[in-house]
1. Provide the gained length on full extension for the span residue 200 to residue 2, in nm with one decimal, where the gain is 0.36 nm per separating residue minus the Cα-Cα distance.
2. For residue 122, give me every one of the aspartates and glutamates with a C-alpha distance below 20 angstrom, ignoring sequence neighbours fewer than eight places off in its own chain.
3. If I model a spin label as a point 7 Å beyond the Cα along the Cα-Cβ vector, how far apart are those points for residue 23 and residue 78 in nm?
4. Would you calculate the volume per residue, in Å³, of the smallest convex hull containing every Cα atom of the stretch 114-160?
5. Say each of residue 135 and residue 43 gets a label point 7 Å from the Cα, pointing the same way as Cα to Cβ; how far apart are those two points in nm?
6. What is the antiparallel percent of DSSP beta bridges lying wholly in the chain, to the nearest 5?
7. Return the calculated 222 nm mean residue ellipticity for the chain, to the nearest 500 deg cm²/dmol, obtained by summing -39500 (n - 2.57) across DSSP H runs with n ≥ 4 and dividing by the residue count.
8. At a Förster radius of 35 Å, what calculated FRET efficiency corresponds to the Cβ-Cβ distance of residue 188 and residue 111, to the nearest 0.05?
Amino acid sequence: MDPVVIEKDTVLRLLQHLKPDKSSGPDDIHPMIMKAISDEIAEPLAILFDMSLRQSKLPRDWKDAIISPVYKAGSRDLVSNYRPVSLTSAVVKLIEKIIRIAVIHYAEGQNLFSRAQHGFRKGLSCFTNLLIAREDWAAAKDRNALVDVIFIDLSKAFDKVSLSGLKFKLERFGIHYTVVDWISNFLHDGRQRVRVNGTLSS
């Protein structure tokens, strides 16, 4: 993978597509304000993002998150019946998106994704996965073959990803070292606070 170069035009385009109804993160910088002044801040942000990525360093505040528990179903007294929603800085979401787009573009170009993976891929979903599975089942039935189906849903899978394992995989797949180091830095030593009924934990 070539180094990711962050340019003003890329940042400007992302700023102009910010959704103004989204909430601000821990830094209280609202996406609506960023969008309104996008022409003025695109170049400074591009310089800041490019430097952050090249040095694989980022401000500590970019790692801050406010967690709001959102009720799903069942007893309201059980913690497991709430889904944590994380509010992060709208500024850091921009560089995250730039990095994500670059990594996915590289991975797609190198055929690093399994053909069987439908989650988190553009144009694919649970629905497309079921369509293909149904075709396979119908073909097996026509051949009088047995079909075994196992669906696995890993509870809180993203919370259980090994940082060292992720770094190893990214390096093995040829992701540029500055991107790997930036992601490692971003995921290490983050600060989280919980907001319930407008009150923040310490």
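No lab work stands behind these numbers, since they all come straight from the coordinates. Since we're looking at a predicted model, the values are computed, not measured. Here the Cβ is made from the backbone with ideal geometry for all residues, glycine too, and neighbour counts use every protein chain on show.
1. Full extension of this stretch gives 67.1 nm more.
2. Answer for residue 122, where 20 Å is the Cα cut-off: 96, 108, listed by chain and number.
3. 2.4 nm
4. Taking only Cα atoms, the stretch 114-160 has a hull volume of 95 Å³ per residue.
5. Taking the simple label geometry, residue 135 and residue 43 are separated by 5.1 nm.
6. Numbers: 8 of 12 bridges.
Here the share of antiparallel DSSP bridges comes out near 65 percent.
7. Values: 7 runs with 91 residues, N = 202.
Helices in the chain give a 222 nm mean residue ellipticity of -14500 deg cm²/dmol.
8. The value I calculate is 0.70.
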